[in-house]
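Working notes for the structure below.
The values are calculated or read from the model by the stated rules, or taken from the named source; none is laboratory data. Source: prediction; values computed, not measured. Note that each Cβ is placed from the backbone with ideal geometry, even for glycine, and that neighbours are counted across all protein chains shown. In case anyone asks, the SASA skips ligands and DNA or RNA and just uses the protein heavy atoms, side chains included. Shrake-Rupley method; radii C 1.70, N 1.55, O 1.52, S 1.80 Å.
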Amino acid sequence: MKILLLYRRRWWLIYLPMLLAVCALLAVTLWVWKPLPPPRVVIGTGPGQSSYLTLARAYAARLEHLGIAVDIVTHDRPQEPLERLARGGAGLDVTFAQGLYAPQGGQVQALAVIGHEIVWLFAREGIHSLSQLRGQRIASAVAGSSNRLAAELLLRHAGIRPDEVSFTTDVGDAAISAISEGRVDAVVHVATGDSQTAATLARLDGVHLLGVERAGLLATREPRLRAVIMPQGSIELRSNLPGADLPTVVTLTHLLVRPDLHPALQRALLDVAGELHVMAGFLEGQGLYPSTVGSDFPVSPMAARHLRGGRPWLETLLPYGTAQWAELVLYALLPMGLLGAALLLRAPRYIDWRVDAALQHFYGELKFLEDDLANTAPGDPAVLRPFLRRLDHLEREVSAMELPDRYADRWYTLREHLQQARERLHVLKPA
């Protein structure tokens, strides 16, 4: 392209492409490298009466205090939110799940272990060990539920095949009615220590809490379970429930997220978990949770860094929302703005470079011509004629070259140098 045309259209041909390139780079930064966290997070829970719904509401209250809107979506089956996350999210960002469901987790990642849930085993009078459950009726919810999974693990531990017992789908109040009316002989219920269902079952006449023999061996064989001792009187001291120290097992409760959830949202969830679960619960030690130790699900890399103190320094100084904007401005908008300003300020140098290149080309040709003349003997017109043709060609090219007015002095200086070369040729001609 001619230099004069390039100069006249420099706003369209130089400045505008630079601005578009900077804007494209900024868009890539905002959408790929440093996107702002979504303003809303969706938490999936089980049925409306589940303890996880209460937990989700507690998370929602603290997240909304940080400026993060929260939607809570309930499901008919407790494991359904985990199944949706395992399928790639399906509209969910966060859920809670017991370690018993770990094989169904797929690529779901754990932010933290936030507590544990006890495998409560209640039986009617006359049943004092797991081995006596052969041929009995057991309320353990539907197939695939944590109650059913725990029941099958306990039976396997006792050497009882699932087809040697009768399972019913009773759960919650239905299970309480079933065992109190004699329609089932045992209830397996996986829940926290403050479970109302467990508390009611523990106080029923003719029903007692059953320990898990060789609980440590069971936990060794099944890593999704942990062996604990339920101290005498820990449920109710006045009624001395349970009446003796009982060995039992627990399954860990996990805070789970989809793998591509924004890191800032993951850190916010971990902050909330630290507030909600730091206090000791039933059969839990002080400060035991939240933790990533012993997680049954793959731990999120961000959670692992957070555990080691890896946190953006701006989040330690500013509120959550302000820190995200400050980080975006400091690491993305400001560098992109400085880069754009530098490019726009340096853009005129491109035209200078084009003009320098064109003029240096002619000066180079002129230098070659003068070097050849220096090695030529004067007086022979036939020898000098090729030099005249070369000089005429250079002068025609220089005359046809169009430059912006600001470079007119350099153009005229080149013309003067060409004229001086012509005068030298005339001197070399014979008189």
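Brief remarks on what is shown
- Taking LEU307, LEU359, LEU82 in turn, the Gaussian network model of the chain (Cα-Cα springs below 10 Å) assigns the largest fluctuation to LEU359.
- Zone of ASP205's modelled label, taken as backbone nitrogen in the stretch 102-132 under 15 Å from a point 7 Å along Cα→Cβ: 125
- Take the Cα radius of gyration of the stretch 34-109 and divide it by 2.2 N^0.38 Å, N being the number of residues; the result is 1.10.
- Solvent exposure of the chain, expressed per residue, is 51 Å² of accessible area, with all protein chains present and a 1.4 angstrom probe.
- The chain: angle of helix 51-65 to the longest principal axis, Cα-based, in degrees nearest 10: 40
- Across LEU55, LEU366, LEU241, mean-square fluctuation computed from a Gaussian network of the chain (C-alpha pairs under 10 Å connected) peaks at LEU366.
- Seen against the Cα atoms of the chain and their longest principal axis, helix 16-28 is set at about 20 degrees.
- You can think of it this way: the chain between ARG354 and GLN136 has 69.1 nm of extra reach, that is 0.36 nm per residue less the Cα-Cα gap.
- The simple spin-label model puts a point 7 Å past each Cα toward its Cβ; for HIS426 and GLU397 those points are separated by 2.4 nm.
- Nearest 10 degrees, 0 to 90: helix 263-276 Cα axis against the chain principal axis: 30
- Three-way shape label, the stretch 10-152, alpha-carbon gyration tensor, a/c 1.5: prolate
- Placed amide H near GLY115: partners under 5 Å, 5+ positions off or other chain: THR253
- Expressed as a whole percent, the accessible area of the chain that falls on carbon and sulfur atoms is 57 (1.4 Å probe).
- With Cα atoms defining each centre, the stretch 224-248 and the stretch 311-356 are spaced 61 Å apart in the structure.
- ³J(HN,Hα), Karplus 6.51/-1.76/1.60, whole Hz, each residue of the stretch 293-303, x for Gly, Pro: 6, x, 4, 7, 10, x, 7, 4, x, 5, 5
- Once the C-beta distance of LEU25 and ALA174 is scaled by a Förster radius of 60 Å, the resulting FRET efficiency is 0.50 to the nearest 0.05.
- For the stretch 234-367, the Stokes-Einstein estimate of translational diffusion at 20 °C and a viscosity of 1.002 mPa s comes to 102 µm²/s, using the Kirkwood hydrodynamic radius over alpha-carbon pairs.
- Inter-label distance, ARG305 to ARG183: 5.4 nm, where each label sits 7 Å from its Cα along the C-beta direction.
- Restricting the calculation to Cα atoms, the stretch 211-259 shows an Rg/Rh of 1.16 when the hydrodynamic-style radius is the Kirkwood one.
- For the stretch 198-304, alpha-carbon Rg over 2.2 N^0.38 Å: 1.33
- Calculated over the chain, the projected area of the Cα convex hull averaged across directions stands at 33.7 nm².
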